[in-house]
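As structure tokens, the structure follows; a few thoughts come after it.
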Amino acid sequence: RAVSRRLACGDVEGRLETLFGRVRAIQGKSGRFDMLLCVGNFFGSTSETEWAEYRTGAKKAPIPTYVLGANDQETVHYFPDISGCELAENITYLGRRGLYSGTSGLQIAYLSGTESQDEPAPAHSFSAKDVAELKTSLLSTPNFKGVDILLTSPWPRNVGTFANSAGEIDTKKCGSKLISDLAASLKPRYHFAALKKAYYERLPYRNHTVLQETPQHVSRFIALADVGNATKKKYLYAFSIVPMSLMDPAELVKQPQDVTENPYRKSRMEAQKTKPPLCAEEEPACQFFFDLNKHQGRKRPSDEKEGGNSQPKQARKPPQPTGPCWFCLASPEVEKHLVVSIGTHCYLALAKGGLLPDHVLILPIGHYQSVVDLSSEVVEEVTKYKSALKEFFRSKGKRYVLFERNYRSQHLQLQVIPVPLDHCTSEDIKESFIAQAQEQQIELLEIPEHSDITQVAQPGTPYFYVELDTGEKLFHRIRGRFPLHFGRSV
């Protein structure tokens with residue numbers, strides 16, 4: 001396979017001897033690298049004397065070296081041709097912006113300079129127009145999935161969002177929003193930047209919305225320090241990479257354990273800020289998010305029953321939520337990982353703010369308000385989850401209590417709470433519910449074990465319902481107000 005070994009470097013600032021000495025030492029120890037990519041200031045105020053030796057050919061770079069252009073007016077004169085050119089043997093200026101495709105098939109997008117508000121931008125800067133044109137030229141290529149490497153001198157703004165700290169660098173204030181936008185669109189597997197005299201390797205972030213888009217490769221952002229800095233911060237980064245075009249798609253989209261949410265999605269969403277407020281009835285206390293790294297490659301099995309002969313009842317699609325819903329699996333509100341298992345019609349998740357660490361919820365994937373509204377195949381899967389949970393909790397010496405509050409809630413949540421078997425009998429549990437209900441003038445009735453809740457409640461009827469893993473059931477038809485946390489407090 002075409003594995004290529006690359007080196008990336010931060011601000012050189014004209015310290016060519018230090019840089020190339022270090023590269024020779026690395027190659028002596030661990031073998032040849034294919035190329036060196038330099039971001040940040042390649043030239044500095046003291047470059048003249050060292051540079052003259054390379055420019056005249058008296059000295060030669062030990063590795064093909066590719067550099068970005070000037071970041072200030074003083075060094076513009078080192079780059080005679082803005083569209084890119086060879087500066088000395090083995091040292092190439094990539095140009096103001098574009099895509100470099102290596103012989104191996106590796107695709108390297110680059111943008112020289114710092115962000116400018118002016119149009120046209122000065123020679124050492126780029127403008128919104130430059131970024132838009134670079135994006136358009138790349139995104140219009142057929143089947144564009146992203147680039148292997150992105151080289152910029154400034155950091156992208158907000159790169160630290162959802163991630164490990166960047167030390168003393170405040171990522172909310174530092175860097176360029178245009179570069180964030182570029183990185184969000186180009187989806188580089190590696191993005192290198194410099195100029196901050198700091199080393200920061202961000203946790204990898206994902207390029208797709210979980211469960212709404214097909215999985216894509218992750219991106220890694222790495223900021224490098226300046227060459228030969230006194231505090232020994234890392235300025236040279238070695239990595240091996242197989243061009244995306246040659247990789248097995250399943251291999252390419254593997255998600256590492258420490259992958260995070262995309263740091264630029266938030267700013268993109270803020271740009272489209274039209275989020276309706278949470279309706280007053282929703283209890284933010286039960287909002288939760290999840291992240292399905294583990295399941296990413298697997299699609300949920302489609303149900304064989306959905307053949308041509310299904311009855312209309314089964315073909316019924318769940319209604320769509322009117323506003324944001326914390327529990328619809330396809331919803332953008334769904335973000336982080338509390339999901340335990342995903343079936344065809346239902347899923348199992350840990351409760352956020354659960355009463356116990358193993359307090360779980362059974363939820364339909366589609367937007368159903370209550371058990372009474374469920375179609376038969378969803379009910380069948382809920383029943384399977386119940387029996388699996390019964391078996392699981394029994395193996396731990398526990399029994400479960402399940403309750404549902406179909407009142408001031410827009411998405412069905414079956415709360416499943418385990419209690420120790422030796423602690424209380426099913427009679428004790430029923431008595432506790434009935435006693436506390438009486439105290440609050442709530443009429444909680446036992447319904448026959450083999451009768452179904454749909455026989456006692458019509459769709460749209462508010463109710464509160466308890467079920468033990470023995471099959472015993474209690475039911476209250478809500479006619480006025482009802483304490484929202486009744487089940488929890490019992």
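Here are the numbers for the structure shown:
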read-out	value
Those residues of region 239-260 which are within 20 Å of V23 (Cβ to Cβ) and open to solvent by 60 Å² or more (accessible area, probe 1.4 Å), in sequence order	S240
Index of the failed condition, S47 passing every other in (1) open to solvent by 50 Å² or more (accessible area, probe 1.4 Å); (2) at pLDDT below 95	(1)
Only one of T46, T65 that is more than 36 Å from the chain's Cα centre (by Cα) and among the polar types (S, T, N, Q)	T46
Single match in A123, A109, A132 (criterion: open to solvent by 40 Å² or more (accessible area, probe 1.4 Å), aliphatic (A, V, I, L, M) and within 18 Å of N71 (Cα to Cα))	A123
Only one of T65, T56, T103 that is among the hydroxyl-bearing types (S, T, Y) and either within 19 Å of L224 (Cα to Cα) or not assigned by the TED database to the domain that holds Y200 (or both)	T65
Test result for F393, open to solvent by less than 90 Å² (accessible area, probe 1.4 Å), touching a Gly at 6+ places or on another chain (Cβ under 8 Å) and within 22 Å of A351 (Cβ to Cβ)	no
Conditions (1) in contact with a Ser or Thr (Cβ under 8 Å, 6 or more places away or on another chain); (2) in a strand (DSSP E or B); (3) open to solvent by less than 50 Å² (accessible area, probe 1.4 Å); number of the one not met by R5	(3)
Filtered residue count, region 431-485, keeping only those that are assigned to a strand (DSSP E or B) and closer than 13 Å to E404 by Cα	11
Test: residue in region 351-366 that is buried (at least 18 other Cβ atoms within 10 Å of the Cβ), among the small types (G, A, S) and out of contact with any strand residue (DSSP E or B) (no Cβ under 8 Å at 6 or more places or on another chain)	yes
From T114, T171, residue being among the β-branched types (V, I, T) and under 26 Å from the mean Cα position of the chain (by Cα)	T171
Residues (of a type in the set (A, V, I, L, M) and under 16 Å from A88 (Cβ atoms)) located in region 22-69	V23, M35, L36, A52, A58, A61, I63, V67, L68
Tabulated pairs, region 472-488, first touching a residue at least 60 places away in the same chain (Cβ under 8 Å), second not in a loop (DSSP other than H, G, I, E, B), C-beta under 6 angstrom, 6+ apart or interchain	I478/Y463; G487/F403
Selected residue (only one of P256, P263 is part of a loop (DSSP other than H, G, I, E, B) and within 17 Å of T161 (Cβ to Cβ))	P263
Subset tally (residues that are assigned to a loop (DSSP other than H, G, I, E, B), aliphatic (A, V, I, L, M) and open to solvent by less than 30 Å² (accessible area, probe 1.4 Å)) for region 184-222	3
Filter result (surrounded by fewer than 19 Cβ atoms within 10 Å (Cβ to Cβ) and within 17 Å of L468 (Cβ to Cβ)) within region 396-410	K396, G397
Test: residue in region 24-36 that is assigned to a strand (DSSP E or B), assigned by the TED database to the domain that holds F79 and open to solvent by less than 30 Å² (accessible area, probe 1.4 Å)	yes
Members of region 376-416 found to be assigned to a strand (DSSP E or B) and basic (K, R), listed by number	K398, R399, R405
Elements of type strands (runs of 3 or more DSSP E) contained in region 54-156, each with 1 or more residues being among the charged types (D, E, K, R) and free of Cβ contacts under 8 Å to residues at least 24 places away in the same chain	85-88
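Listed here are the residues, each with its yes/no results for (1) at pLDDT 90 or above; (2) surrounded by 15 or more Cβ atoms within 10 Å (Cβ to Cβ); (3) within 27 Å of V340 (Cα to Cα).
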| residue | (1), (2), (3) |
| --- | --- |
| E377 | no, yes, yes |
| L412 | no, yes, yes |
| Q438 | no, no, no |
| I442 | no, yes, no |
| T461 | no, no, no |
| L468 | yes, yes, yes |
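The values are calculated or read from the model by the stated rules, or taken from the named source; none is laboratory data. The shown structure was predicted, so the numbers you read here are calculated from the model rather than taken from an experiment. All Cβ positions, even for glycine, are placed from backbone atoms using ideal geometry, and neighbour counts span all protein chains on display. Surface accessibility is based on the protein's heavy atoms, side chains included, excluding ligands, DNA and RNA. Shrake-Rupley method; radii C 1.70, N 1.55, O 1.52, S 1.80 Å.
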